[in-house]
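Data first, discussion second: the structure below is written as structure tokens.
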Amino acid sequence: MDIRNVVSLSGGLLLLGAAGYFWGGFGKMSLRPTVPVVTGLPDYEVTGITGLRTDARGQVSEKLTAQSLKHFPDNDQGEVQAPVLSMYQDGRARWELTADRALTRLDNQELELRGKVHGRSLAGNIPISLETEFLVANRTSQVMSSTAPIVVRNGVNMLSSQGFRADIQSGVLVLPAQVRGNYVLPSR
């Protein structure tokens, strides 16, 4: 066999093999990384929610009820309509928070309550209540905080402040700025 025929046959087989490799899909490589499609649409919506969270001992630590929940995968946030959040301590309800709406953040560890936020303690002889327009409740540490103006009431007594921080576990309420209040002495 002539050397030219061997080279031509080898070159032809090499081209045929390369064409088959790429046309068969084995040589296809994505030149661009795949980017998730941002739609702005929820991936699920649930109505009539009631959810319980328990601690390591199996006692209820939280109860959340709401009209509806929409989850958005683009930013991994949820929108909750008419939430009612009850925080428990030692298996008993200690605080109840309500709002017009809420956003879930940090893998559902925080609930950002917005619009006509009301809270009330469920323990003690004279319950404490609070009112604000914005509040963040950390569902794990059971700490509530806000930078918005707040009004705290205990019976006929009233305090107002620019922001607050309340730790339900320790029972500490901090009013950081512009604190004003009325305190009525009990009659003897």
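Since every read-out is calculated from the coordinates, none of them should be taken as a lab result. All values derive from a computational prediction rather than experimental measurement. Note that each Cβ is placed from the backbone with ideal geometry, even for glycine, and that neighbours are counted across all protein chains shown.
Converting phi to 3J(HN,Hα) with the Karplus coefficients 6.51, -1.76 and 1.60 and the offset θ = phi - 60°, segment 154-169 yields 9, x, 8, 7, 9, 10, 10, 7, 8, x, 6, 8, 10, 9, 5, 5 Hz in sequence order, with x at every glycine or proline. Between the amide H of E110 and those of R105, R139, distances stay under 5 Å, these residues lying 5 or more places away or on another chain, with hydrogens modeled in the peptide plane. Counting only Cβ charges, +1 for Lys and Arg and -1 for Asp and Glu, the dipole size of segment 70-138 around its Cα centre is about 280 debye.
With point charges of +1 on the Cβ of Lys and Arg and -1 on the Cβ of Asp and Glu, referenced to the Cα centre of segment 76-156, which listed residue (G155, Q89, A102) lies farthest in the positive direction of the dipole? So the residue furthest toward the plus end is G155. Taking amide hydrogens as placed 1.01 Å from N in the peptide plane, the amide H of Q89 sits under 5 Å from those of R94, each at least 5 positions away in sequence or on another chain.
One decimal place: the segment D43-D167 gains 41.2 nm when fully extended, by the rule 0.36 nm per residue minus the C-alpha distance.
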